[in-house]
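The values are calculated or read from the model by the stated rules, or taken from the named source; none is laboratory data. Worth saying up front: this structure is predicted, and the values here are computed from it rather than measured. Here the Cβ positions follow ideal geometry from the backbone for every residue, glycine too, while neighbour counts run over all protein chains shown. The accessibility values were calculated without ligands, DNA or RNA, using every heavy atom of the protein model including side chains. Shrake-Rupley method; radii C 1.70, N 1.55, O 1.52, S 1.80 Å.
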Amino acid sequence: MTIHSTDPFAVPDGEKSPVRRLRGRLAAPVTLWTAPGPAGLTVSSMLVADGDPGRVLGLIDEESDFWDAVSAAGRFAVTPLTPADRQLADKFAGLMPAPGGLFAAGEWLQTAYGPVPAHAGAWAGCSLSSERPCGWALLVEGIIESVQLDTPTEPLVHFRGRYSGLDR
């Protein structure tokens, strides 16, 4: 038996499009987007825009259960993940089994916007504002209606196909 230090199913760099390779060179926050239903998805292609009102934008798989739930509910929650949440991120990304379902393990805070991990140091409740095709994804825009902030925590970051924390 061989244990791989890399993903044996990953597309080799030379076969990836230049755009995908460029995206891989950008560090991205790892967040969990959830909706009533419940449904959820790990999202790294996202940003927060300050303003009145503040907004979140994210690239979502339009064939995901998460998008079906957001379309029906019109609202969702966005939770920044921490290095301790790597397995949670992999489960919601479909990279790791989730026996009993995605929300079976761990403790969850039930909110009007969708379930949020009970240990989350921060999360935002959003209403769906718009969506449109963008590349091979759906660009989803939400208006931030509620922000819950607790103790600041180190973010989980995705860079070049791997998770990491911040080196300080």
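Details
- Scanning region 28-38 for residues being open to solvent by 10 Å² or more (accessible area, probe 1.4 Å) and in a strand (DSSP E or B) gives a total of 2.
- For region 106-121, the count of residues that are open to solvent by 60 Å² or more (accessible area, probe 1.4 Å) and closer than 21 Å to Leu26 by Cβ is zero.
- Any hit, region 14-23, residues being open to solvent by less than 30 Å² (accessible area, probe 1.4 Å) and under 18 Å from the mean Cα position of the chain (by Cα): no
- Flag for Gly106 being touching a Lys or Arg at 6+ places or on another chain (Cβ under 8 Å) and farther than 24 Å from Glu63 by Cβ: no
- Residue check: Ile60 meets all listed conditions (1) in contact with a strand residue (DSSP E or B) (Cβ under 6 Å, 6 or more places away or on another chain); (2) open to solvent by 60 Å² or more (accessible area, probe 1.4 Å); (3) of a type in the set (A, V, I, L, M) but one, namely (2).
- Subset of region 147-168 (residues that are touching a residue at least 60 places away in the same chain (Cβ under 8 Å) and either part of a loop (DSSP other than H, G, I, E, B) or out of contact with any strand residue (DSSP E or B) (no Cβ under 8 Å at 6 or more places or on another chain) (or both)): Thr153, Glu154, Pro155, Leu156, Arg160, Gly161, Gly165
- Region 98-112 residues that are free of Cβ contacts under 8 Å to residues at least 24 places away in the same chain, paired with ones that are outside any loop (DSSP other than H, G, I, E, B) (beta carbon under 6 Å, 6 or more apart): Ala98/Lys91; Leu109/Val116
- Residue list for region 132-165, restricted to those being touching a helix residue (DSSP H, G or I) at 6+ places or on another chain (Cβ under 9 Å), under 19 Å from Val48 (Cα atoms) and surrounded by 15 or more Cβ atoms within 10 Å (Cβ to Cβ): Leu138, Val140, Gly142, Thr153, Pro155, Leu156, Val157, His158
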